[in-house]
Amino acid sequence: MLEILKKTKIDFIGKRYYAFAISGILVIFGLAAFIAIFLGKADLGIDFAGGTMMQGYFEQEVTIGELRDAMSRNGYDDAFIQSLHREVPHYFMIRVKTTAEDVTQIAQGMLDVLEKEFPGNKFHKDSVDGIGPSVGKTLQKQARLAVLIALAGILFYIWIRFDFRFGVAATITTLHDVLLVLGILFILQREVTLLIVTALLTLAGYSLNDTVVLFDRVRENLKLFRKKGDFASTINASINEVLSRTIITSLTTFLVVFILFLVGGEVVHDFALALMLGIIIGSYSSIFVASPIILEWEKRSPRRFK
Amino acid sequence: MTQKTRSYLTLLIVFLILASLWYLYPSVKLWTMPQSKKEHLKSTEPQDLIELEKKALSLGLDLKGGMHVVLEVDQSKLKEGEKRDAVDRALEIIRNRVDQFGVAEPLIQKQGGDRIIVELPGLEEVDRAQALIGQTAQLEFKLLESGENTEIVLKKIDEVLAAKEETPFDEEEKEPVASTEAEEKKKAEEKKKIAKDLFATEEPESVSDTTDTSSFLEEDEDEYYTERPFTSLLENMGGYYLGVPIENKAKVELFLKDPDVQAVIPEDDEFAFATRTEIIQRLEYQKLYLLKKRMEFSGKYLVDARPLARDEYGKAYVNFKLTKEGGRKFARLTGANIKKPLAIILDGRVESAPEIQSKIRDEGRITMGGAATFDEAVDLSIVLRAGALPAPVKIIENRVIGPSLGQDSIRKGTTSAIVGFCVVLLFMAIYYKLSGVIADFAVLLNLVFLMAAMAALDATLTLPGIAGIILTVGMAVDANVLIFERIREEVRTGKTVRAAIDAGYKRALSAIIDANITTLITAAVLFQFGTGPIKGFAVALSLGVAISLFTAVVITRVIFEIRKGYRTLSI
């Protein structure tokens, strides 16, 4: 039998206060990001904010600096420019948040600037993403609704699946996971796009996985340990028992997402990043957030082994 | 699990595998077809290629390339009464224009109160399409070419094309044509039958002034098709219009684009298709007209047009009103052309070609053909008003995915899927040995079932959809890891192989279901609210997760059942 982990006896519960500190700080960032998004102040992608993104290539060499200067000389101060690796050389992505109700005008305006600034070096546009402000608003509304409904659905499932205390703990853990990923993305200054929202919702559903497995074991052990041992050691034992499971189940999913992150290309890059973070945090939180909540609750109002 | 259940399940699994292969076959055939063969098929049998593309798993815009635009109909400048069907008018105009691009699966849809979504997958003439969609509608009235002249033009086209056929391009291209000759003949035979049937019945809308066409059918039948490559694709010739069976349409268009064919069409004539197809004798046709190029009358003189319900004779009407100036012009036009058909053309396509009954001044009535429904009268009046009252549209969302970006996404998506898949397979085989290989087999089936289900359900594969498939692979083995870890624990406590397997599956099941249900909830929400690419993700993920319940739990179980008799377990 090949094993990554032999039988462990780590005192996870004893380290819960460190975990609370780390989680607390990151959750604050997450909340800040969350509030900023709802107020429309965060760094929203053009999906939500409106704007135009253009991809294409120049016939001859152009540096990012030249391109940036050219754009800002013509009123596109906020242009975001990235050089991309494609089969054709001199391939760039240019993104501006300027919007107008008729979005084809923006793209045409950008093309005109490039033609004027780089005479004799034609820019061939490959793809365009132009989103008018009203469409951005619609998408924002839809995303907000989707987040609320998905969270409500998951929470509802948790409530019917667990008893009260486990239910509350699982709920807090789920929210914690989503907020933590959002917080880290906020620190990394990633834009919030439709795909990021998709990733957050997906991991809200997925990160529960580890908590469910752990809680199942805790409940099983609570029955066994009914007569001997205290609550903290029961939980600790349960965590140690399922540790290899927790790690390996997350590992397979993590591996595929990691590969997607590495070779999937820039379209799904941040999406994969969010999922990777979510998978790690989901495992972490089942051990350091979900279980300690049960423990602290039990300590304050014992209802032990009902 | 009893012996009986096991046999039933095995049968079910075999059946599912066969069904999946059946559904996947067109996709594999299409995706492995070399580009040169595709091009060849496109120029010889375009309909076959379209059929194949329809059956294969369709790729989303982000992979295939193409255009997705959302238009907003600007009603701010319209008066209260004019707003009534402004969006419908715009929709009608856009549908008509988009049709001309011959895109395989265009999507034109109303969204909310005043938005229209237009999706043209695989389109390359993006700039032209955008310019065309944003344009104001062109409503024109033109006279048709006479039956005799039409026949002369057709004869010339046949001659030109027949001469071309005799001097085939080169050996390579000739071969596939030869191999399908028998098939061609059969098809031709069928067509002849249909043509005869058609002529046997009375055509309600055809006009008395038709030339005798029976001679076409009495000639030597074998020569008929080689001598008339063009007219053999048409039916009901000699009237004011030509019927093009829908399966021939692509070929007819191809022929008409041929420069040699264009050279024999008189300078002041032009061919134009009807806007819509129609069903005659259970076969789908699109009418083709030979028009006189000169614009006799313009839509700008129209003031209003309204449909009228069917009267006691079963006829539906459209009443229209013209401006004073328009009335004078129209009277001159109609007075000089009584008993001749007048084509109503929206953006280059013939909406209708009613026969002029009498001199019309500033108010007239179009009597719809015998079988026309009230809805068709409504449509025609919308078209007439669209010419009179074009509601301006603006593009508020514009996504163009160039073919090179799509190709890049396909390559990167497939690479990550293949690499991820192999890593997971390898990991499972090493870590869980033979049991891992069983799980690998289950994941492989999961992938096959998933792709087949997507093809069968007409779902669209997008880049996030590929990510969803990748995620499914990770999650599907998750379930097996849960089961195997549990079995290992049971083995450690000293249970027999049989008992350990039973306990492992039983105890892991609830955790597996929990994880999958929450994932399904999110996927359902994403499907409801997501845009195209994200819908693709939601579909792939939810189908994958649901299928994984079967493959990871049921299929591996069936295999394990067989191994229950063993003393030791390779896990």
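The values are calculated or read from the model by the stated rules, or taken from the named source; none is laboratory data. Everything numeric here is computed off the predicted structure, so don't read it as measured data. Quick reminder, even Gly has a Cβ in these numbers, built from the backbone with ideal geometry, and neighbours come from all protein chains shown.
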Just to be sure, is B:Val423 within 20 Å of A:Thr202 (Cβ to Cβ), within 14 Å of another protein chain (Cβ to nearest Cβ) and either among the acidic types (Asp, Glu) or more than 28 Å from the chain's Cα centre (by Cα) (or both)?
no
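Just give me the residues in the range B:13-27 being of a type in the set (A, V, I, L, M) and loosely packed, with under 14 Cβ neighbours inside 10 Å, in sequence order.
Restricting attention to the range B:13-27, the residues satisfying the condition of being of a type in the set (A, V, I, L, M) are B:13-14, B:16-19, B:21, B:24.
Within the range B:13-27, B:Val14, B:Leu18, B:Leu21 qualify.
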Is at least one residue of the range A:266-285 more than 30 Å from A:Met93 (Cβ to Cβ), modelled with pLDDT of 90 or more and more than 14 Å from chain B (Cβ to nearest Cβ)?
yes
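Please work out if B:Leu526 is at the interface with chain A (Cβ under 7 Å from one of its Cβ atoms) and not charged (D, E, K, R). Break it down stepwise before answering.
Details: at the interface with chain A (Cβ under 7 Å from one of its Cβ atoms): yes; not charged (D, E, K, R): yes.
Considered against the rule, which asks whether it is at the interface with chain A (Cβ under 7 Å from one of its Cβ atoms) and not charged (D, E, K, R), B:Leu526 comes out as yes.
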In the set B:Leu11, B:Leu91, B:Leu18, B:Leu123, the lone residue that is in a helix (DSSP H, G or I) and under 19 Å from the mean Cα position of the chain (by Cα) is B:Leu91
Any residue in the range B:478-490 that is modelled with pLDDT of 85 or more and closer than 30 Å to A:Leu145 by Cβ?
yes
Test: residue in the range B:295-304 that is of a type in the set (Lys, Arg), within 28 Å of B:Asp362 (Cα to Cα) and in contact with a Gly (Cβ under 9 Å, 6 or more places away or on another chain):
yes
Exactly one of B:Ile470, B:Ile396 is within 25 Å of B:Ala523 (Cβ to Cβ), at the interface with chain A (Cβ under 10 Å from one of its Cβ atoms) and within 34 Å of the chain's Cα centre (by Cα), and that residue is B:Ile470
From the list B:Glu39, B:Glu72, exactly one residue is charged (D, E, K, R) and modelled with pLDDT of 85 or more. Which is it?
B:Glu72
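Is the range B:400-415 home to any residue that is part of a strand (DSSP E or B) and closer than 30 Å to A:Val88 by Cβ? Spell out how you get there, then give the answer.
Initial filter on the range B:400-415 (part of a strand (DSSP E or B)): B:400-401.
Subsequent filtering for residues that are closer than 30 Å to A:Val88 by Cβ retains B:400-401.
Yes; the residues of the range B:400-415 include at least one that is part of a strand (DSSP E or B) and closer than 30 Å to A:Val88 by Cβ.
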Which condition does A:Gly229 not pass, out of (1) at pLDDT below 90; (2) more than 17 Å from the chain's Cα centre (by Cα); (3) facing chain B (nearest Cβ under 10 Å), if it passes all the others?
(3)
Search result, residues across the range B:485-507 that are touching a helix residue (DSSP H, G or I) at 6+ places or on another chain (Cβ under 7 Å) and either among the β-branched types (Val, Ile, Thr) or within 9 Å of another protein chain (Cβ to nearest Cβ) (or both)
B:Glu485, B:Arg486, B:Ile487, B:Val491, B:Ile501, B:Arg507
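Checking the conditions here, which among B:Leu333, B:Leu342, B:Leu308, B:Leu322 is within 21 Å of B:Gln138 (Cβ to Cβ), within 36 Å of the chain's Cα centre (by Cα) and touching a residue at least 12 places away in the same chain (Cβ under 8 Å)? Talk me through it step by step, then tell me what you get.
Values: B:Leu333 fails: within 36 Å of the chain's Cα centre (by Cα); B:Leu308 fails: within 21 Å of B:Gln138 (Cβ to Cβ); B:Leu322 fails: within 36 Å of the chain's Cα centre (by Cα).
That would be B:Leu342, the only listed residue that is within 21 Å of B:Gln138 (Cβ to Cβ), within 36 Å of the chain's Cα centre (by Cα) and touching a residue at least 12 places away in the same chain (Cβ under 8 Å).
Would you mind stating whether A:Ile149 is out of contact with any Phe, Trp or Tyr (no Cβ under 7 Å at 6 or more places or on another chain), more than 20 Å from A:Val257 (Cβ to Cβ), surrounded by 23 or more Cβ atoms within 10 Å (Cβ to Cβ) and hydrophobic (A, V, I, L, M, F, W, C)? Please lay out each step first, then the result.
Working: out of contact with any Phe, Trp or Tyr (no Cβ under 7 Å at 6 or more places or on another chain): yes; more than 20 Å from A:Val257 (Cβ to Cβ): yes; surrounded by 23 or more Cβ atoms within 10 Å (Cβ to Cβ): no; hydrophobic (A, V, I, L, M, F, W, C): yes.
No: the conditions fail for A:Ile149.
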In the range A:163-174, which residue that is surrounded by 20 or more Cβ atoms within 10 Å (Cβ to Cβ) and of a type outside the set (Val, Ile, Thr) is nearest to A:Asp216 (Cα to Cα)?
A:Phe166
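Out of the residues in the range B:560-571 that are surrounded by 18 or more Cβ atoms within 10 Å (Cβ to Cβ) and part of a helix (DSSP H, G or I), which is nearest to the other protein chains (Cβ to nearest Cβ)? Explain how you work it out, then say what you get.
Looking only at the range B:560-571, we keep the residues that are surrounded by 18 or more Cβ atoms within 10 Å (Cβ to Cβ), and these are B:560-561, B:569, B:571.
If we keep only those that are part of a helix (DSSP H, G or I) as well, we get B:560-561.
Working: B:Phe560: 17, B:Glu561: 22 Å.
The selected residue is B:Phe560.
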Could you please let me know if A:Thr193 is within 12 Å of chain B (Cβ to nearest Cβ) and either under 20 Å from A:Trp297 (Cα atoms) or modelled with pLDDT under 85 (or both)?
no
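Take the conditions surrounded by 20 or more Cβ atoms within 10 Å (Cβ to Cβ), closer than 24 Å to A:Ile158 by Cβ, out of contact with any Asp or Glu (no Cβ under 8 Å at 6 or more places or on another chain) and within 11 Å of chain B (Cβ to nearest Cβ) and apply them to A:Thr202. Does it pass?
Working: surrounded by 20 or more Cβ atoms within 10 Å (Cβ to Cβ): yes; closer than 24 Å to A:Ile158 by Cβ: yes; out of contact with any Asp or Glu (no Cβ under 8 Å at 6 or more places or on another chain): yes; within 11 Å of chain B (Cβ to nearest Cβ): yes.
Spelling it out, A:Thr202 is indeed surrounded by 20 or more Cβ atoms within 10 Å (Cβ to Cβ), closer than 24 Å to A:Ile158 by Cβ, out of contact with any Asp or Glu (no Cβ under 8 Å at 6 or more places or on another chain) and within 11 Å of chain B (Cβ to nearest Cβ).
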Apart from one, (1) modelled with pLDDT under 90; (2) more than 8 Å from chain A (Cβ to nearest Cβ) all hold for B:Ala515; the odd one out is (2)
If we keep just the residues of the range B:329-378 that are small (Gly, Ala, Ser) and part of a strand (DSSP E or B), which is surrounded by the fewest Cβ atoms within 10 Å (Cβ to Cβ)?
B:Gly364
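From B:Leu447, B:Leu482, which residue is more than 9 Å from every other protein chain (Cβ to nearest Cβ), within 24 Å of A:Ser207 (Cα to Cα), without any contact (Cβ under 8 Å) to a residue 60 or more places away in the chain and surrounded by 18 or more Cβ atoms within 10 Å (Cβ to Cβ)? Talk me through it step by step, then tell me what you get.
Working: B:Leu482 fails: more than 9 Å from every other protein chain (Cβ to nearest Cβ).
None of the others qualify; the one that does is B:Leu447.
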The condition of being surrounded by fewer than 13 Cβ atoms within 10 Å (Cβ to Cβ) and at pLDDT 80 or above holds, among B:Thr10, B:Thr5, only for B:Thr5
Filter the range B:489-538 for residues that are more than 48 Å from the chain's Cα centre (by Cα) and in a loop (DSSP other than H, G, I, E, B); which is surrounded by the most Cβ atoms within 10 Å (Cβ to Cβ)?
B:Lys495
